[in-house]
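*Asks:* Please find one structure pasted underneath; my questions will follow.
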Amino acid sequence: MGTNVAVIGAGIGGVSAARYLKSQGFTPTVFELHNDIGGQWNKYNVNSGVWPDMRTNTSRFTTKLSDVQYPNGTSVFPRNGEVLDMIKNMVKVNDLNQYIKTNCRVTSLSISKNGGYDLRWEHNDESNEAHFDKVVVASGRYNKPIIPDIDGFESFSGELGAKHTFYYKGTREYRDKTVVVCGGSISGLEIACDLTMFDTKQVILSQRTQRWMVEKMINGIPYEYLAFTRELGLSIRTIPKPKLLALFVEFMKQYGGDPVTYGAPPAPTVLEKAKITVSNNFLQLVAEDRLSVRPWINKINGRKITFTDGSSVDADALLIGSGFELHLPFLSKEISNIVNLTKKGLDLAEFTFHPDLPDLAFIGLWEQLGPYSVPLEQQARWIAYSWGGAVEAPTEAWLRSELEKAKSENRHDDYRYQNELAIVFAKLAQCDPADVDDPELQKILPKSAITGEMFRIVGIDADPKARDRLLHDFKCYAPKNVKEELGLN
């Protein structure tokens, strides 16, 4: 087998790929644009939208790679720097730094005439080129922010200007200012809440559609133990979509409450439009009349921002949290055409391979509900194990069949669930514990949140300590009624 593998990107997906490729006998070369690893979790990275005081909105045991543990005393929801330290610890434990090239801007990836791929990159203003037998693209999904078309956007004259939330770096400059934040997803809400609680004069959240809201912890239970369990992950591809969405809305009404009762607009009851955002403070701040909610912007004229309901405000700053487009500018036109690359997604078999691009893999380029760490690690394992021969490589017929399913179901045009994809990739990597010969585990697995430890119990690279870590987290954080039903209390 070829041992010469390029990995583009040194975020969680890229370093996970390097870790498992190395374990399978490959020699990875990781190309990172920034001068350090960590991807989005490195707040100094120009391709990171992390702000200095940002905490995770996902719990530490689901925002973690399975080789390493957070230090004792780490909070349930770590700071961004603690996640970066965890990534660096994994790299150190697996002796991966020797394979990572920083300050390297990949400029071109093309198909080689003799098989494999040709990669070009810039380092210290010098152009370089090399051939690789295999390539993993792990450059990230969230690094090209979108500014939507808003009438008069260019005329905005507030003293702090208009920018995407990707470039937001903290509350300090907004003290005593009037700020309009656009967008109802996690970044927009977290920033609006931060600004509201830290001496901003006025904060208005402008959104097209009110989302259903859930807190990070509900009665002391991290929401992953309610919304991202194994049994729910297994059901996502078997339950008809209308029923799945109905269960989603029922869950949100039970655990998140009706936004209307807090003074927010109603969330959609049309199931296809129902979406979720995790926020501890949004609804409470709305209920206290500290955070105002308006519909989308109709037009801008200087400092004056007018909303579609006719109301308006003179703003000092405008922050746009309206999402990202998929940005892979280094792919050759030939590769882009084969995968049907768009601003929204690309066509791949199980988000990873294309039958017409042997020895090329993609990691983590879908939009997702829930934390990415666990699915990315399992996807990296599947790639490495199938290329290394530890598991059977997917056949061309299987890839073409799965590719057609992806197209017909528009999989890249919609959000995926963390628990769904983690299980899918783990099964393909043959490290899913579905048939583990352990009665206690078989009781708790369906009700457990999806963690990296779950997929280190059996299979290749099994860790004898993973079982105890999974049980420990379950006994600490699973709902009380679930533990009582299982006889664990």
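The values are calculated or read from the model by the stated rules, or taken from the named source; none is laboratory data. Keep in mind that this is a model prediction, so the values were computed, not measured. Cβ atoms come from the backbone with ideal geometry, glycine included; neighbour counts cover every protein chain shown.
*Asks:* Residues to consider are Ile276, Ile305; find the one that is at pLDDT below 85 and hydrophobic (A, V, I, L, M, F, W, C). Don't jump to the end; show me each part of the working.
*Replies:* Details: Ile305 fails: at pLDDT below 85.
The unique qualifying residue is Ile276.
Conditions tested, residue by residue: (1) farther than 20 Å from Val135 by Cβ; (2) in contact with a helix residue (DSSP H, G or I) (Cβ under 7 Å, 6 or more places away or on another chain).
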residue	(1), (2)
Leu360	no, no
Gly389	no, no
Lys407	yes, no
Glu420	yes, yes
Lys427	yes, no
Gln442	yes, no
Thr451	yes, yes
Phe455	yes, yes
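*Asks:* If you check Asp437 against the conditions, is it free of Cβ contacts under 8 Å to residues at least 40 places away in the same chain, under 20 Å from Leu232 (Cα atoms) and either hydrophobic (A, V, I, L, M, F, W, C) or assigned to a loop (DSSP other than H, G, I, E, B) (or both)?
*Replies:* Here the answer is no, as Asp437 does not meet what is asked.
*Asks:* Looking at region 328-345, which of the residues that are at pLDDT 95 or above and in a loop (DSSP other than H, G, I, E, B) is surrounded by the most Cβ atoms within 10 Å (Cβ to Cβ)? Before you say what the answer is, go through the steps one by one.
*Replies:* Quick first cut of region 328-345, residues at pLDDT 95 or above only: 328-341.
Remaining after also requiring in a loop (DSSP other than H, G, I, E, B): 328-330, 332, 339-341.
Details: Leu328: 19, Pro329: 10, Phe330: 20, Ser332: 14, Val339: 22, Asn340: 13, Leu341: 18.
It comes out as Val339.
*Asks:* Which of the helices (runs of 4 or more DSSP H) found entirely inside region 209-284 contain at least 2 residues meeting this: crowded, with 20+ Cβ neighbours inside 10 Å and out of contact with any strand residue (DSSP E or B) (no Cβ under 7 Å at 6 or more places or on another chain)?
*Replies:* Those helices (runs of 4 or more DSSP H) span 230-235.
*Asks:* List the residue pairs whose Cβ atoms are under 9 Å apart, where the first residue sits in region 251-264 and is assigned by TED's automatic domain parsing to the domain that holds Thr229, the second is of a type in the set (Ser, Thr, Tyr) and surrounded by 17 or more Cβ atoms within 10 Å (Cβ to Cβ), and the two are 6 or more positions apart or on different chains.
*Replies:* Tyr255/Tyr223
For (1) within 21 Å of the chain's Cα centre (by Cα); (2) surrounded by 18 or more Cβ atoms within 10 Å (Cβ to Cβ), each residue gets a yes or a no:
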residue	(1), (2)
Leu376	yes, yes
Arg400	no, no
Asn410	yes, no
Tyr415	yes, no
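*Asks:* Select from region 62-101 the residues that are of a type in the set (Phe, Trp, Tyr) and either under 17 Å from the mean Cα position of the chain (by Cα) or not in a loop (DSSP other than H, G, I, E, B) (or both) and write down the one among them that is surrounded by the fewest Cβ atoms within 10 Å (Cβ to Cβ).
*Replies:* So in region 62-101, the residues of a type in the set (Phe, Trp, Tyr) come out as 70, 77, 99.
Remaining after also requiring either under 17 Å from the mean Cα position of the chain (by Cα) or not in a loop (DSSP other than H, G, I, E, B) (or both): 77, 99.
On the way: Phe77: 17, Tyr99: 21.
Per the stated criteria, the residue is Phe77.
*Asks:* Would you check which residues across region 102-117 are surrounded by fewer than 19 Cβ atoms within 10 Å (Cβ to Cβ) and closer than 22 Å to Val46 by Cα and list them?
*Replies:* Once the filter is applied, which keeps residues that are surrounded by fewer than 19 Cβ atoms within 10 Å (Cβ to Cβ) and closer than 22 Å to Val46 by Cα, region 102-117 yields Thr102, Asn103, Arg105, Thr107, Ser108.
*Asks:* Okay, next question. Which residues, taken from region 442-456, are surrounded by 14 or more Cβ atoms within 10 Å (Cβ to Cβ) and over 24 Å from the mean Cα position of the chain (by Cα)? Break it down stepwise before answering.
*Replies:* Initial filter on region 442-456 (surrounded by 14 or more Cβ atoms within 10 Å (Cβ to Cβ)): 443-456.
Within region 442-456, Lys443, Ile444 meet the criteria.
*Asks:* So Asn47 clears everything in (1) among the polar types (S, T, N, Q); (2) farther than 17 Å from Phe474 by Cα; (3) surrounded by 20 or more Cβ atoms within 10 Å (Cβ to Cβ) except one condition, right? Which one?
*Replies:* Of (1) among the polar types (S, T, N, Q); (2) farther than 17 Å from Phe474 by Cα; (3) surrounded by 20 or more Cβ atoms within 10 Å (Cβ to Cβ), only one is false for Asn47: (3).
*Asks:* Answer yes if at least one residue in region 184-203 is surrounded by 15 or more Cβ atoms within 10 Å (Cβ to Cβ), charged (D, E, K, R), under 25 Å from Leu376 (Cβ atoms) and under 29 Å from the mean Cα position of the chain (by Cα), and no otherwise.
*Replies:* Yes - at least one qualifying residue is present in region 184-203.
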